[in-house]
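Shown next, in structure tokens, is the structure this report addresses.
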Amino acid sequence: MGSVRPIKISPMASSAACFIGFCSVLLGFVVGIQASHVVYRDLQSIESSPKDHLPYRTAFHFQPAKNWMNDPNGPMVYKHVYHLFYQYNPYGADWGNIVWAHATSTDLVNWIHLKHAIYPSAPFDINGTWSGSASFLKGKKPAILYTGIDPQRRQVQNLAFPKTLSDPYLIEWTKPPQNPLMEPINGINSSSFRDPTTSWQGPDGRWRVIIGNKRGRRGMAVLYRSKDFVHWTKAKHPLHSAKDTGMWECPDFYPVSVEGENGVDTSVIGKSVKHVLKNSLDDTRHDYYTIGTYYTNKDRYIPDAGSIDGDAGLRYDYGKFYASKTFFDDVKNRRILWGWINESLSREDYIKQGWSGLQAIPRKIWLDKSRKQLVQWPVVEIEKLRVNGVHLPRTELKEGSVHEISGVTASQADVEVTFELSKMGKIEEIDSNGLKNPQYLCSQKGAAVEGSVGPFGLLVLASKSLEERTAVFFRVFKSQNKYVVLMCSDQSRSSLREEPDKATYGTFLNVDPLREKLSLRSLIDHSIVESFGGNGKACITSRVYPKLAIDGGAHLYVFNNGTSSVMISSLSAWSMKGAQIKYL
């Protein structure tokens, strides 16, 4: 067992006094996600020097050796080989010159990067090969639908097939002469017509696909049907639309089983499943989803009561996570979610470092027992990288205390902790206005602000004296005689550097803290922290760039800055080996 060193923090302690009582929070300027389809003509004017920024390169997250990466495209498993395609700029660390790069894996952890699969080569995609999805036709034949940019810079939908079906690595791809298959006619906005989904078959045997679109401020999923996957006809009505939501990028539409955690094929329909419609909102740069019913007789999707479209709706992840895509893994009967994590640096800084963008650890995704939300958890294969585990026995975490978790490589770790709140004194009250914006609440009630029950949780990528730390924590409130659990990721003190975005993220966690334990898992990988609260009911991903807490200078702590003690019922942490990455 690794040692655990308790540190009692007092208000007079100079290095960590801000954990008791009030402490001013230094907020960095906010750098949002650059629009997916902005082109910077002076891309190469800033010299790239990736060797100067190695502390922020990840060890077990998916990323190319250099340059820009954004949306995950066409993930699938074929002949027991996992495939991930992704939007990539071969020539620089900013968006532009986009191709479909391609990597394969047998375990979703270790990857082989292959040559580019789809790239501009014909009039229908000469100005860009943008996002799309993979589907399986009769005989388990893969097919990719993707958005191409034609000479008039219209967004059109194209088809690609593998050249050799016997090749499990699907290295060569061909484009049939019928391209483009779907064009922006009959009033469709040619600059907002992109990102076809995985296709599904209805009861009539015809294929369906939806494409992201907008009409004015109304976002919509335009529906097409086909008998042969080549000739497509636009439906009279969209599958679904919502006012005041703007452009729907990278839509995803799939069934989830109402019982258990197993995934189902995208074409499954009936009473055994609910359906999920996810959209990446161009206005907010976040991924939102609703859960509802797909009416096959009308080809319409209707969200369940309480499942809301747009910015007030549910999100996969309440931090950095965009342009996501799922696929059904028929080898292990699960649905897997990929998502793009962008940088929190200025454009100048990420171009200088020579690379930009990560993919989140792939997540298994399923319907919660309540049938009102989804649950996510890192794929089990990632646990094969765990080494040198340390385990903390049942421990009381008293008011104002910080315990360092020694014995793990804190810059490259996986930590799971479970808290119990058997006794709670006076609870902070919160009114209905406070329930409207959990991110704002987290920014006002950060880790440095003492509460009654909380904040308590983890300090990750922290410096020895806590000048730098990213706090991932819970805080309990009471509203209308009900307990409300807030989950936050506080980056306000994540770095002494001034340039990075240090926004604070947050969401409410649907658990009863008196009847359920509060669990938290964080995957820490140099400049990314993926956190899962309530066994995956809430997820928050952060990008951080410490100045001191890098490599061996990083530390890991569990803390409680509330006036009520909390019980650690279990805590385990592991160092993580690096994934094996090869380039062919």
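The values are calculated or read from the model by the stated rules, or taken from the named source; none is laboratory data. All values derive from a computational prediction rather than experimental measurement. When we count neighbours, we look across all protein chains shown, and the Cβ atoms used for this are built from the backbone with ideal geometry, even at glycine. Accessible surface is based on the protein model in full, side chains and every heavy atom, while ligands, DNA and RNA are left aside. Shrake-Rupley method; radii C 1.70, N 1.55, O 1.52, S 1.80 Å.
The calculated FRET efficiency for the pair Ile112 and Lys426, based on their C-beta separation and a Förster distance of 56 Å, comes to about 0.50. Per residue, the convex hull spanned by the Cα atoms of the chain amounts to 143 cubic angstrom.
Using the Cβ-Cβ distance between Lys66 and Leu435 with R0 set to 35 Å, the FRET efficiency works out to roughly 0.20.
Which value, in debye to the nearest 20, describes the size of the charge dipole of region 282-329 about its Cα centre when Lys and Arg Cβ atoms bear +1, Asp and Glu Cβ atoms bear -1, and nothing else is charged? Please report the intermediate quantities before stating the final value.
Values: 6 positive and 9 negative charges, 13 e Å.
Result for region 282-329 is approximately 60 debye, rounded to the nearest 20.
Note the full-extension length gain between Arg300 and Val268 as 0.36 nm times their separation in residues minus their Cα-Cα distance, in nm to one decimal. Please report the intermediate quantities before stating the final value.
Numbers: separation 32, 0.36 × 32 = 11.52 nm, distance 1.54 nm.
So the extension gain works out to 10.0 nm.
Annotation for Glu172 and Glu259: the two label points, set 7 Å from Cα along the Cα-Cβ direction, are 4.8 nm apart.
Return the calculated 222 nm mean residue ellipticity for the chain, to the nearest 500 deg cm²/dmol, obtained by summing -39500 (n - 2.57) across DSSP H runs with n ≥ 4 and dividing by the residue count. If you can, show how the numbers build up before the last one.
Numbers: 2 runs with 14 residues, N = 584.
Using -39500 (n - 2.57) per qualifying helix, the result is -500 deg cm²/dmol.
Listed values for region 168-182 are Karplus-derived 3J(HN,Hα) couplings in whole Hz (6.51 cos²θ - 1.76 cosθ + 1.60, θ = phi - 60°), namely x, 8, 6, 6, 9, 10, 10, 10, x, x, 6, 4, x, 8, 9, and x replaces Gly and Pro. Using a simple spin-label model with pseudo-atoms 7 Å out from Cα toward Cβ, Lys478 and Asn388 lie 4.5 nm apart. Put simply, when 98-108, 533-543, 186-196, 574-584 are sorted by average Cβ atoms within 10 angstrom per residue, most first, you get 533-543, 98-108, 186-196, 574-584. Kindly provide log₁₀ I(q)/I(0) values, in the same order as q = 0.14, 0.16, 0.19, 0.21 Å⁻¹, from the Debye equation applied to equal alpha-carbon scatterers of region 378-493. Evaluating at q = 0.14, 0.16, 0.19, 0.21 Å⁻¹ gives log10 I(q)/I(0) of -0.70, -0.89, -1.14, -1.28. Mean separation of Cα pairs under 8 Å and 6 or more residues apart, divided by the residue count, gives region 289-332 a relative contact order of 31 percent.
Under the simplified labelling scheme, the Glu499-Glu399 pair shows an inter-label distance of 4.4 nm, with each label point 7 Å from Cα along Cα→Cβ.
If the viscosity is 1.567 mPa s and the temperature 4 °C, what translational diffusion coefficient in µm²/s does Stokes-Einstein give for region 63-140 when Rh comes from Kirkwood over Cα pairs? Present the calculation step by step, with values, prior to reporting the outcome.
Numbers: Rh = 13.2 Å.
Diffusion coefficient, whole number: 98 µm²/s.
Restricting the calculation to Cα atoms, region 476-534 yields a radius of gyration followed by a Dmax of 14.4, 43 Å.
Under 5 Å from the amide H of Leu556 lie the amide H atoms of Ile405, each residue being 5 or more positions distant or on a separate chain, with H modelled from the backbone and absent for Pro and chain starts. Compared with the alpha-carbon gap, the fully stretched path from Gln444 to Ser346 is longer by 32.8 nm at 0.36 nm per residue.
Ignoring any ligand, DNA or RNA, what whole percent of the accessible area of the chain comes from carbon and sulfur when the probe is 1.4 angstrom?
Carbon and sulfur atoms account for 50 percent of the accessible area of the chain.
Sorting 439-450, 157-168 by average packing, meaning the other beta carbons within 10 Å per residue, from highest down gives 439-450, 157-168.
Subtracting the Cα-Cα distance of Lys138 and Thr293 from 0.36 nm times their residue separation leaves 53.2 nm of extension gain.
Round to a whole angstrom and tell me the spacing of the C-alpha centers of region 73-133 and region 528-548. Rounded to whole Å, the Cα centres lie 26 Å apart.
Please state, to two decimals, what the Cα-based radius of gyration of region 463-584 comes to when divided by 2.2 N^0.38 Å (N = residues).
Here the answer is 1.18, to two decimals.
Less than 5 angstrom separates the built amide H of Ile98 from those of Thr129, all sequence-distant by 5 or more or on a different chain.
When averaged across all projection directions, what area in nm² does the alpha-carbon convex hull of region 278-395 cover?
Working: hull surface 50.0 nm².
Across all orientations, region 278-395 yields a mean hull projection of 12.5 nm².
Each 10 Å bin, from zero up to the one with the longest distance, holds this percent of the alpha carbon pairs of region 106-198: 16, 46, 28, 10, 1. For region 359-386, backbone nitrogen atoms closer than 12 Å to the point 7 Å from Val331 Cα along Cα-to-C-beta are found at 381.
Using a 1.4 Å probe, what is the accessible area per residue for region 107-204, in Å²?
On the way: 3910 Å² over 98 residues.
Computed with neighbouring chains in place, this is 40 Å² per residue.
With a Förster radius of 56 Å applied to the C-beta separation of Asp228 and Ala59, the computed FRET efficiency comes to 0.80.
With contacts defined as alpha carbon pairs under 8 Å and 6 or more residues apart, what's the relative contact order of region 469-566 in percent? Display every interim value, and only then the final one.
Working: 164 pairs, mean separation 21.8, N = 98.
Worked out over region 469-566, it gives 22 percent.
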